[in-house]
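Below: one structure, written as structure tokens.
The values are calculated or read from the model by the stated rules, or taken from the named source; none is laboratory data. Keep in mind that what you see is a predicted model, and the values were worked out from it rather than measured. All Cβ positions, glycine included, derive from the backbone under ideal geometry; neighbour counts span all protein chains shown. To get the accessible areas, we keep the full protein, side chains included, count just its heavy atoms, and leave off ligands, DNA and RNA. Shrake-Rupley method; radii C 1.70, N 1.55, O 1.52, S 1.80 Å.
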Amino acid sequence: MFLIVGANGQLGQELMSRLGDKAKGVDRDVLDITDAEAVKKMVGELKPEVIINCAAYTAVDKAEADVDLARKINADGVYNLASCGTKLIHISTDYVFDGKNCVPYTEEDKPNPQSVYGITKLEGEQKALACNKNVIVIRTAWLYSAHGNNFVKTMRRLGAEREVLGVVFDQVGTPTFAGDLAQAIVDILPQMNEENAGIYHFSNEGVCSWYDFAVEIMAQSGLNCKVNPIESKEYPTPAVRPSFSVLNKAKIKKVFGVKVPYWKESLSKCLKQF
């Protein structure tokens, strides 16, 4: 049995739909991962083969003022899960990097987070890997799905309401369909062992800016909203975003044989679910 923490989120729902009765899904209303005793009790009772942690404090801008709670969930909560000694797959983020690279980030590149969200997510990675020899950290980026709140849903809503929209063109990365990441995790589960523990990167293939992504969403959704490219400085936010956060997926493909679809194809797959 697999324990999925954060089961009501985008990735959690995609995992639950794939794993079915092999998985037990819990969210914060059932398990508060910041409560170490509650975590130990549940893991002790369920005795899962693997814990998959999809739970996180993801309000990137809000985290700048809500440092303590972000750290409790993104760092301390991850430690509580990892310290149970059960195999753990933990989901992390491209925000652990400063975005100053000009080639895709590998797992060996030195993290340098520029936001509270990125800092606390990196702390979570480090705590988990330090206390448990059977942890896989998967860094991902620009996650979207038919569930929850995400960029695709926002663009479709605004595209139906407005004739013109401005979207930043100077932040470059790769969108990730949560269904593809969920499938990658399902493929990894039976292969997990101490020898292949560590950090891996997963996003869809290809590269685009948020502007390019928005243009493609409008086109594939049949919306006539015109998207204009704008600079990040025209849309200031409390948290600094990495200007370049393309992830190199060579390691996860080589070690686990994971297939990584192209981002435009995955967007089309996701939109069919709407």
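Restricting 107, 64 to those that are acidic (Asp, Glu), in contact (Cβ under 8 Å) with a residue 60 or more places away in the chain and touching a strand residue (DSSP E or B) at 6+ places or on another chain (Cβ under 6 Å) reduces the list to 107. A single entry from 100, 110, 133, 87 fulfils the requirement of being charged (D, E, K, R), at pLDDT 95 or above and buried (at least 17 other Cβ atoms within 10 Å of the Cβ): 87.
For the condition open to solvent by less than 60 Å² (accessible area, probe 1.4 Å), aromatic (Phe, Trp, Tyr) and in contact with a strand residue (DSSP E or B) (Cβ under 7 Å, 6 or more places away or on another chain), residue 200 qualifies. Checking residue 223 against (1) farther than 26 Å from residue 106 by Cβ; (2) hydrophobic (A, V, I, L, M, F, W, C); (3) not in a loop (DSSP other than H, G, I, E, B), which test does it fail? Failed condition: (3). Of the helices (runs of 4 or more DSSP H) that lie entirely inside the stretch 1-105, those containing 1 or more residues that are under 18 Å from the mean Cα position of the chain (by Cα) span 10-19, 67-71, 77-82.
Scanning the stretch 110-145 for residues that are over 15 Å from the mean Cα position of the chain (by Cα), touching a residue at least 60 places away in the same chain (Cβ under 8 Å) and not in a helix (DSSP H, G or I) gives 114, 115, 133, 134, 135. Selection of the stretch 249-274 for residues being in a loop (DSSP other than H, G, I, E, B), open to solvent by less than 50 Å² (accessible area, probe 1.4 Å) and of a type outside the set (D, E, K, R) yields 257, 258, 260, 261. Go through the residues of the stretch 184-193 one by one and say whether even a single one is closer than 20 Å to residue 59 by Cα, open to solvent by 10 Å² or more (accessible area, probe 1.4 Å) and either touching a Phe, Trp or Tyr at 6+ places or on another chain (Cβ under 6 Å) or of a type in the set (D, E, K, R) (or both). Looking through the stretch 184-193, none of the residues is closer than 20 Å to residue 59 by Cα, open to solvent by 10 Å² or more (accessible area, probe 1.4 Å) and either touching a Phe, Trp or Tyr at 6+ places or on another chain (Cβ under 6 Å) or of a type in the set (D, E, K, R) (or both).
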